[in-house]
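Down below is the structure, laid out as structure tokens.
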Amino acid sequence: FYQDLVNLAHLKSLNLGLNRFLKAQDLMLVAINCRGLEELRLSRRRTNSEQHTLTDPDASFLFHNMRYSLTSLKFDAQGLGAETFQAILSCSLLENLCLTNALFLTGDLFQSIPKKLPNLTKLKITKACQLTTHDFSHMFMFEREKMKKLTSLNISGCWRLDDFGLKAIVDTTFKSLEQLSLHSCKSLTSDGIDYVIKGSHDAALWMELVFTKQYVDTEEVQRLLRKSPRLRVLRLHRKDRCVNNPQSNNKLEVLEVKRCSGRLAESLMNRLIFNCPLLRILAFKDSQFHSRSFFVLLHRLPLLTSINLGYNHYFELEDLVCIANVCDRVTEIKILSSRMFFNRELSECNKIFTKVPASPQF
């Protein structure tokens, strides 16, 4: 297969995904046969087989051969070091860079990104545990003009980033940034998060924002919703408390709430229906609740097409009936665990939704 790629003269994008059979020699063939490749996605699985292990020299050879064409890269950097990162940064045409599990990315290499990748607009670097808040503040303060182009920034798992580094990011990118993910940035405090919300000059430019831990309180989220009329996606990853009085946001299309349970969760769900009428996707992950009134009121969300209830063992067959009756446009319902899956009620699910007519026989 990899040898035959040379016959695809116009191949621009290649997604190798999670292929546990992928060998280093296969990637060498990709590097040789796909010189015009513009987009590459490669996620690797851990394996005990030495022939499937990707080393720094292998990765370096791969990216050096693509440095004159590659504009988008999504790559799992687990176990790889400076030689690989230097080769990636030689791909000067990159506009979208995603490096997951970048455990060995050093501060010096990170700070060289603006100079090496002048066209970069989307940057995702996760679990870069060696990066300090100084690395972030230095890059965003001293390379301000180049970093102003960023529209998407995901630094999930960079736990050494603190409030000082976050303020440098906000001050530089407030006019361009549309997506910001701070998931598992454990050194941030309420001061830093509060600066993101009310200290930026134009938070209305953000379309997606991901917060984590217990530092985001109700008042901060309310200010965020008021100041961000263009916000489309809001993900709140909470451990205990939840937002009990969301403010109106007529643009919000996606809402994801994680670890939000109890009576406060029910209050949140009932209120958001009245405050966010344009919701299309609603997801509750690891949230336990039982509020029949919530499902009945879903008719106030005319654009709702997808509901993800996750692991909610309180969900019953009657709730599914409510959804089917009031949500005309819902095409997807996800339920990972529920009491109704442990009794005969499951067999009644087929009777709830309209059956698809059988195909005519010829």
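Below, the figures for the structure above:
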quantity: Point-to-point label distance, Thr189-Ala9, nm (Cα→Cβ direction, 7 Å offset); calculated: 6.3 nm
quantity: Phe274 paired with Glu332, simple spin-label distance in nm, labels 7 Å along Cα-to-beta-carbon; calculated: 3.0 nm
quantity: Filter on Lys116/Lys334; Lys74/Lys146; Lys12/Lys285 - keep pairs with C-alpha separation over 31 Å; calculated: Lys116/Lys334; Lys12/Lys285
quantity: Residue-normalised accessible area of segment 133-187, given per residue in Å² at a 1.4 Å probe; calculated: 42 Å²
quantity: Cα→Cβ-extended label distance, 7 Å offset, between Gln86 and Gln130, nm; calculated: 1.2 nm
quantity: Linear extension gain, Lys175 paired with Tyr311, 0.36 nm per residue minus alpha-carbon span; calculated: 45.1 nm
quantity: R0 of 25 Å, Cβ-Cβ distance Asn325-Glu253: FRET efficiency to nearest 0.05; calculated: 0.60
quantity: Accessible surface of segment 1-118 [probe 1.4 Å, protein heavy atoms]: carbon and sulfur percent; calculated: 49 percent
quantity: Gain upon complete extension [Glu318, Arg300; 0.36 nm per residue less C-alpha separation]; calculated: 4.6 nm
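The values are calculated or read from the model by the stated rules, or taken from the named source; none is laboratory data. Not measured: the values here are computed from a predicted model. With ideal geometry, Cβ positions are generated from the backbone for all residues, glycine too; neighbour counts draw on all protein chains shown. To get the accessible areas, we keep the full protein, side chains included, count just its heavy atoms, and leave off ligands, DNA and RNA. Shrake-Rupley method; radii C 1.70, N 1.55, O 1.52, S 1.80 Å.
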